[in-house]
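Single-structure report; data block below.
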Amino acid sequence: MKLADASRIAGRLMAAFPRMTLDEEEGELFVREVALLADPDILGEAVDQIIRREERFPTIATLRAYYRTCNDARKPRTPALPRGDRDDGIPEWVQVWFWHSSITRSDRQKQNTTSRQPVDDRAPVAMRPFPQMRGGYVDEFTGHIHNDDEPLEGAYTMEEYEAIRAAWVESGAPSISSAVEIFALL
C-alpha cells in the first residue's frame with residue numbers, strides 16, 4: 001500500500017477519534033505500519049468496523065486484528081467435513097428401521113392409548129432399538145466418533161432384526177431418499 005493511502009486511513013481515524021493526539025514520531029510509525037497492510041479495500045473495511053465498535057483510537061495491534069478478521073471473512077468457507085470418497089447413502093439397517101417404525105407406529109400407538117389392559121402390559125410407543133444402534137459421543141476437540149461396543153439396552157437381537165429385514169424385503173424393500181424424510185415423519 002502507498003504511504004499516501006496509509007496517511008488517508010490515519011486521517012480518517014484521527015477524525016473519528018478527535019481526542020487522540022499523535023506526535024510526529026508516533027504518526028510516522030502508525031502510517032508506516034498501516035502501509036505494510038497489503039489490501040486497501042480490506043483495510044478500509046477494518047477501519048469502518050473500528051470506527052463503529054471502538055471507543056478509543058486503535059493501537060497498531062488492534063488495527064491488524066481487525067484487518068485479519070476482515071480478510072478472513074472474505075476467504076471462501078471450507079466445508080467442515082473433507083470432500084472425498086465417502087458413502088453419502090443411507091445404510092440398509094436405517095432403511096429397515098424406518099420402514100419398521102412407520103409400519104408398527106399406528107399399532108403401537110393404538111395399543112398404548114385405547115387398550116383396556118393394565119399399563120404395564122401395553123405395548124410401548126417407543127420402538128426398541130436395532131442391534132446396529134450404539135451409544136457414544138463425538139469428541140469436541142478432535143472430532144473423532146467414539147461408539148460403544150455393545151448395542152443399546154433392550155435392543156433387538158440379530159435374529160429378530162433378520163426377521164424384520166426379511167419382512168422389509170418381502171414388502172418390496174421400500175427406501176427413503178434422504179434423511180430429511182426421516183425427520184419429517186418422526
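The values are calculated or read from the model by the stated rules, or taken from the named source; none is laboratory data. Just so we're clear, the structure is a prediction, and the values are computed from it rather than from any experiment. Here the Cβ is made from the backbone with ideal geometry for all residues, glycine too, and neighbour counts use every protein chain on show.
Residue-level analysis places ALA15 outside the set of residues that are closer than 23 Å to ARG74 by Cα and either touching a residue at least 40 places away in the same chain (Cβ under 8 Å) or in a helix (DSSP H, G or I) (or both). For region 22-47, filtering for residues that are closer than 12 Å to ALA10 by Cα and at pLDDT 85 or above leaves 12.
Considering (1) part of a loop (DSSP other than H, G, I, E, B); (2) more than 30 Å from THR21 (Cβ to Cβ); (3) at pLDDT 80 or above, the lone condition that ASP85 does not fulfil carries the number (3). Of note, GLN132 satisfies the criterion of being at pLDDT 80 or above, in a loop (DSSP other than H, G, I, E, B), within 17 Å of VAL169 (Cβ to Cβ) and polar (S, T, N, Q).
If you go through region 149-186 and keep only what is assigned to a helix (DSSP H, G or I), modelled with pLDDT under 85 and not aliphatic (A, V, I, L, M), you end up with GLU181, PHE183.
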